[in-house]
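Comments concern the structure below.
Quick note: the coordinates plus some simple rules give every number you see, no bench work behind them. Please read these numbers as outputs of a predicted model, since none were measured by experiment. Cβ coordinates were reconstructed from backbone atoms using ideal geometry, including for glycine residues, and neighbour counts include every protein chain displayed.
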Amino acid sequence: QVLIEHDEDVVITGNWDFIEVLSEKEHLREEFSQRLAYIAGIANFQYVREFEFTTLEAIVDEAVVTYGEALENAVFAVRVKRVGQHDFTSVEAERQIGGTLKARCNALAVRLKNPEVLVPIEIRDNRVWIVEQRIEGLGGYPIGSHDPVLSLISGGYDSTVSTYMTMSRGLKTHFCFFNLGGDAHEIGVKQVSWYLWEKYGSNIGVKFVTVPFEDVVGEILTKVDNSQMGVILKRMMLRAAGKVMEDLGAKALVTGECVAQVSSQTLVNLKVIDDVTDELVIRPLITTNKQVIIDQAIEIGTAVFAASIPEYCGVISVKPTTRAKLPKIEHEESKFDFAVLDAAIENAKSVSIRTVMNDVEKQYQGEV
């Protein structure tokens, strides 16, 4: 579907060990590369010169066209993968093709280990592919091949990278945003969520859910002891997320939390936070250093968004506890009016990620 959006005439054929893509539009090659390189489940893809098999000498002729210039004064090797019935083995084909290429291209030598230039050739029955270029993909599994998850995304470095990690592993990843900072915050998170989906997961539809949490924060600020606010806010989020994931059929929650990165993320606190839900909570970054997270955010393209989005969860922390005790937390939560949380869940808004930028445009216009 991703490629068809660029070329409606593209022909895609599935085989048990590879997918073949045929397009006559050479000018789309770079666009195809950009799309295929970011689709989960693709370990690598290759651009090939394809022709009908006649003789090994004919293969050499085509290989000279593709690799002739690169082989001059170079140390190289030929790798042949063969499928079907032929009167030669793969090794025999490598020797004959390699020897002839060496002479015709003025190559320096043939070296099977660590060659400077590798000439990959695949012979499948009566077809030949000479690999022109190999590009590495994301790997992992195709998105949607595993149960869906719900990622709690705030737009910062951690939550965007953890979301990317589940997407690149092949998990259908819905987005859940707890709005603590009004339209400006929501616009920023919608933008980075759409970016992640469009670049790494647009071959499958997911939902973007906004849960209005301003009143929940207000209730916490009014009723709860300062030191317990951060942990209780996270527990409220998990309560609400549990309801959202139930509606979406998700099987796990995903967060960007990392051990001891902030006060609420000590092992003791995380245990107390998780105690509020029976759902599986996945934390892909749990032992990752902050600089590694930032570097990955830069690599995947979310750092520019994260740098402009404030960390609202930290706003309510005043001398936060690092060793929360469940009885104390439950005592503080008894002061909380849970009707406020129920109202937030009831007023949650779920939209298709495909249309989320339409909402962003409307919100921008509303601010002007």
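Placing a label point 7 Å from the Cα of LYS271 along the Cα-to-Cβ direction, the residues of the range 320-353 with a backbone N closer than 12 Å are 323-326.
Projected onto their three principal axes, the Cα atoms of the range 221-262 cover extents of 35, 26, 8 Å, largest first. Here is the size of the chain from its Cα atoms: Rg then Dmax, 27.1, 86 Å. Straight-line reach from LYS251: taking Cα to Cα under 18 Å and skipping same-chain neighbours fewer than 8 places apart, the aspartates and glutamates in range are ASP147, ASP274, ASP275, ASP278, GLU279. In this label model, LYS243 and ILE19 are separated by 3.8 nm, measuring between points 7 Å along each Cα→Cβ vector. Distance from the Cα centroid of the range 168-219 to that of the range 229-254 is 14 Å (rounded to whole angstrom). In the chain, helices alone account for a calculated mean residue ellipticity at 222 nm of -13000 deg cm²/dmol, with every DSSP H run of four or more residues adding -39,500 (n - 2.57).
If you line up the long axis of helix 214-223 against the longest principal axis of the chain, both from Cα atoms, how many degrees apart are they, to the nearest 10? Helix 214-223 sits at roughly 40 degrees to that axis.
Within the range 149-367, DSSP assigns beta bridges of which about 25% are antiparallel (rounded to the nearest 5). Partners of LYS335 within straight-line reach, counting lysines whose Cα lies under 16 Å from its Cα and excluding those fewer than 8 residues away in the same chain: LYS223. Over the range 263-350, all Cα pairs binned in 10 Å intervals from 0 give whole-percent P(r) values of 12, 30, 39, 18, 1, listed from short to long.
The GluC sites (Glu not before Pro) of the range 99-152 that meet both conditions, a loop assignment by DSSP and at most 16 other Cβ atoms within 10 Å of the site Cβ, are GLU116. Sorting SER159, SER227, SER33, SER151 by the number of Cβ atoms found within 10 Å of their own Cβ, with the fewest placed first, yields SER33, SER227, SER159, SER151. Values of log10 I(q)/I(0) for the range 33-160 across q = 0.14, 0.19, 0.20 Å⁻¹ run -0.70, -1.06, -1.14, by the Debye formula with one identical scatterer at each alpha carbon and no solvent. Footprinting exposure proxy ranking of MET357, MET167, MET245, fewest other C-beta atoms within 10 angstrom first, gives MET357, MET245, MET167. Counting only alpha carbon atoms, the long axis of helix 356-367 and the longest principal axis of the chain meet at about 50°.
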